[in-house]
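Novice: Dropping the structure in here first, questions after.
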Amino acid sequence: MKFKSNFSFAKMLSYAKSKKFHKQSGTSIIDPMVKDSKKFIKANKVTPSTSTKTLKERHLRESPKSIGGNTTLYDTGKLHDSIKRSTSVEYGIDVIKYANKHLEGDGVPRRNFLVLDPKNEEKAVNKIVEKLLDVSVAKMSK
């Protein structure tokens, strides 16, 4: 019995290890995550919400002025504006230093603001899988 295949796991693995693939998959995942996270903050969907005490302090503070009203994690806009695709880590997101305190709950309530909309997640997965399949299927000669 003889089997023929036009599918190559070796090609797929080789491509999956390539810098080109890492850059493309990073773009497919990280760029939408940056946009979705900023949108999530501005839509005031971050939980738990800002305490009444903190909101009062925010409104009474003279400098820096608060631009976020009652929006959680959007007091001055610095955290929101700092969310960017990392230039040093392949699948990373850079944020202002104090953002990690919110992510980890270090002295403040733990608030996860890094999100990826399920629709964008599905698009990213489909794009990555499609690319892996494209490179792994040998072109049949006529």
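The values are calculated or read from the model by the stated rules, or taken from the named source; none is laboratory data. Bear in mind the structure is a predicted one, so any value in this text is a computation, not a measurement. All Cβ positions, glycine included, derive from the backbone under ideal geometry; neighbour counts span all protein chains shown.
Novice: Testing residue 62 on (1) among the charged types (D, E, K, R); (2) exposed (fewer than 11 other Cβ atoms within 10 Å of the Cβ); (3) within 23 Å of the chain's Cα centre (by Cα), one condition comes back false. Which one is that?
Specialist: Tallying (1) among the charged types (D, E, K, R); (2) exposed (fewer than 11 other Cβ atoms within 10 Å of the Cβ); (3) within 23 Å of the chain's Cα centre (by Cα), residue 62 fails exactly one: (3).
Novice: Hey, does region 10-25 have a residue that's in contact (Cβ under 8 Å) with a residue 24 or more places away in the chain, over 27 Å from residue 116 (Cβ atoms) and not in a helix (DSSP H, G or I)?
Specialist: No, the conditions are met nowhere in region 10-25.
Novice: Just need a number here: residues in region 103-142 that are charged (D, E, K, R), surrounded by 12 or more Cβ atoms within 10 Å (Cβ to Cβ), over 17 Å from the mean Cα position of the chain (by Cα) and assigned to a loop (DSSP other than H, G, I, E, B).
Specialist: Residues that pass the stated criteria total 1.
Novice: Looking only at region 26-43, which residues are small (Gly, Ala, Ser), within 29 Å of residue 68 (Cβ to Cβ) and part of a helix (DSSP H, G or I)?
Specialist: At the first step, the residues of region 26-43 found to be small (Gly, Ala, Ser) are 26, 28, 37, 43.
In the following step, the residues that additionally are within 29 Å of residue 68 (Cβ to Cβ) were identified as 37, 43.
Across region 26-43, the qualifying residue is only 37.
Novice: OK, next. May I ask you to say which residue of 44, 100 is of a type in the set (S, T, N, Q), at pLDDT 95 or above and surrounded by fewer than 12 Cβ atoms within 10 Å (Cβ to Cβ)?
Specialist: After ruling out the rest, the residue left standing is 100.
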